[in-house]
Amino acid sequence: MIRVDSLSKRFGDFVALGDVSLHVPAGSLTALLGPSGSGKSTLLRTIAGLETPDGGTVHLDGTDVTNVAPQDRGVGFVFQHYAAFKHMNVRDNVAFGLTIRKRPKDEIRDTVDRLLDVVGLTGFQTRYPSQLSGGQRQRMALARALAIEPKVLLLDEPFGALDRNVRTELRTWLRRLHDEVHVTTVLVTHDQEEAMDLADQIVLLNHGSIEQEGSPTELYDTPASDFVMGFLGPVVELDGGLVRPHDVAIALTADHDTTEAQVVRVVHLGFEVRIELELAGGSPLTVQLTRAQAARLELEAGQIVFVRVPEVATFAAGGI
Amino acid sequence: MSRIALRLTMFVYLGLVLIVPVAMVLVRTFSPGLGAFWSSVTTPAAIHAFWLTLLVAAITVPIVAVLGVVAALVIVRTRLPGRRLLEVVIDLPFAISPVVVGLALVLVYGRDGWLGPALASVGIHMIFSVPGIVLATVFVCLPFVAREVVPVLREIGDDQELAAATLGASRWTTFIRITLPSIRWGLAYGIVLSTARAIGEFGAVSVVSGKVSGKTETLTLLVEKRYQNFDSAGAYAASALLAIIAVTTLLTMTYVQRKASRQ
């Protein structure tokens, strides 16, 4: 369990964290989500002890660790660029935390082999980091962090340096690993899809403070601000409010709650169809339909249609 | 065509300023015959100068290696005030003529110097003795290790060190197990350069040593003395000895560079 109270941190004039409080339940997987410069990495590094806060406290499992060195916090930390020990092979990398604790050799070898099995790197013991792919390096770094049996596992944009396919694959793999190992995990990401896919709890940060925290569905369905709504998925503006493009319905006949629009372009994107419209006032509007919906409407450029938005799906633009 | 011209220019240039002169020294050294060379480099003064030169290098190089690594760590890894100043000051020995360094040391540690009398009263004589030669050589060699290690430290970043810290490694353990292996080739290169400089240093040593034959006379000083005394054969022989040490250093350096580039 991690508890953070009124944490603040400045770098010169830049406020990285302004009075942030947070609770991460034991055994959960929490994502710190936000744009770059939102303070999410600073928050994670402060929990690990890699940054010293200007104010506030950090508790791990009920113990105040604010002034405890990172060496003594018992956290596993995984860096975006792997931080692999380049001059050591995979076995020595993973064994590092145990070697410096002078554990018996047999115990170290068993633990390393077991962890390499968990992360799917069995047989790579004598390879060097330069002989591994990015995804393999990051899995090695994860095994290395898990070897010391950390109280919490902290991941700083762990898949940020990998290409898209590997990223998706490792994401699924990490979720499965977490369900097996159950170590309290905090993950920093700027990718909302990754956060929604992985986390039990999402903490959305902006300008050094928390905008909203909750489950992925809570944040998606009941955003606390237009920033949250905009960050978690695509939005379009309609009638002075923000709305998700897939929540807009298109009808061929007018009704009392519809707005008139003209089809500008129909784009087929595989499983979805994007309709680009122009409203009566000249402002653009993009709507997302399923293939079935699009097929039923048989839309084409130049056609006049009528759009409608369900009440619950909107958020007043500009208001918090 | 222009590439061939470029290469030709380079070879002519290198030939005129480096290869021909050094080759001439070797030719002149060995033309009177090996026996003459041997007797010239085995006089008591020459043997003493040879060992003194190696002794000074052996004391100087470990000192500048440690100081260089510490300075590089302070410059790259800390936020201490004054680290930028240190980065400028560490290059000072490159900019100042070694003769000036020697004179400055005499002003501080000489008989009428600022610290000289106090040290003399407890029996330590810096000027005209080995400690002074070492001090001058250390000053002149100071930048080499730091200059080589600073860019390596910058390039590797501190991720690996932070990772070691989160895994429970103390600062010292991290330095020995992570930082030192990462900078080892840069450090080795810096040590080789320092060694070459320590052996070849003339200006600063010439001022502080007093050039006492058989006591404070290094190989470079011996070359100068023999040349001044119209013993050019002797000067060439001593030069050849220096050249042999230099070539050995150069070969080591090439080996180290090859190793490093393969990493």
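Structure summary
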quantity: The range A:93-141, subset within 12 Å of another protein chain (Cβ to nearest Cβ) and among the hydrophobic types (A, V, I, L, M, F, W, C), residue nearest to B:PRO181 (Cα to Cα); calculated: A:PHE96
quantity: Conditions (1) closer than 30 Å to A:VAL15 by Cα; (2) crowded, with 17+ Cβ neighbours inside 10 Å; number of the one not met by A:GLY233; calculated: (2)
quantity: Lone qualifier among B:VAL70, B:VAL64, B:VAL76, B:VAL20 - being loosely packed, with under 14 Cβ neighbours inside 10 Å and under 22 Å from B:LEU180 (Cα atoms); calculated: B:VAL70
quantity: Answer residue from the range A:71-92, given it is part of a helix (DSSP H, G or I) and within 15 Å of B:ALA165 (Cβ to Cβ) and is nearest to the other protein chains (Cβ to nearest Cβ) among those; calculated: A:GLN71
quantity: The range A:38-70: number of residues that are of a type in the set (Asp, Glu) and either crowded, with 18+ Cβ neighbours inside 10 Å or within 14 Å of chain B (Cβ to nearest Cβ) (or both); calculated: 1
quantity: Set A:ARG101, A:ARG91: member being at pLDDT 95 or above and either loosely packed, with under 14 Cβ neighbours inside 10 Å or of a type in the set (Lys, Arg) (or both); calculated: A:ARG91
quantity: Odd one out for A:LEU44 among (1) at pLDDT 95 or above; (2) part of a strand (DSSP E or B); calculated: (2)
quantity: Among the residues listed as A:LEU153, A:LEU146, the single one being crowded, with 20+ Cβ neighbours inside 10 Å, closer than 30 Å to A:GLY214 by Cβ and under 18 Å from the mean Cα position of the chain (by Cα); calculated: A:LEU153
quantity: Residue match in the range B:192-205 (condition: more than 27 Å from B:HIS125 (Cα to Cα) and in a helix (DSSP H, G or I)); calculated: yes
quantity: Helices (runs of 4 or more DSSP H) (entirely within the range B:53-135) containing at least 1 residues that are within 19 Å of the chain's Cα centre (by Cα), within 18 Å of B:ALA198 (Cα to Cα) and in contact (Cβ under 8 Å) with a residue 60 or more places away in the chain; calculated: B:98-109
quantity: Residues (under 26 Å from A:ILE47 (Cβ atoms) and part of a helix (DSSP H, G or I)) located in the range A:102-128; calculated: A:THR111, A:LEU115, A:VAL118
quantity: Number of the condition not met by A:SER28 [criteria: (1) within 20 Å of A:GLY74 (Cβ to Cβ); (2) within 14 Å of chain B (Cβ to nearest Cβ); (3) small (Gly, Ala, Ser)]; calculated: (2)
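The values are calculated or read from the model by the stated rules, or taken from the named source; none is laboratory data. Values in this document were obtained by computation on a predicted structure and should not be read as measured data. Note: ideal-geometry Cβ built from the backbone for every residue, glycine included; neighbour counts use all protein chains shown.
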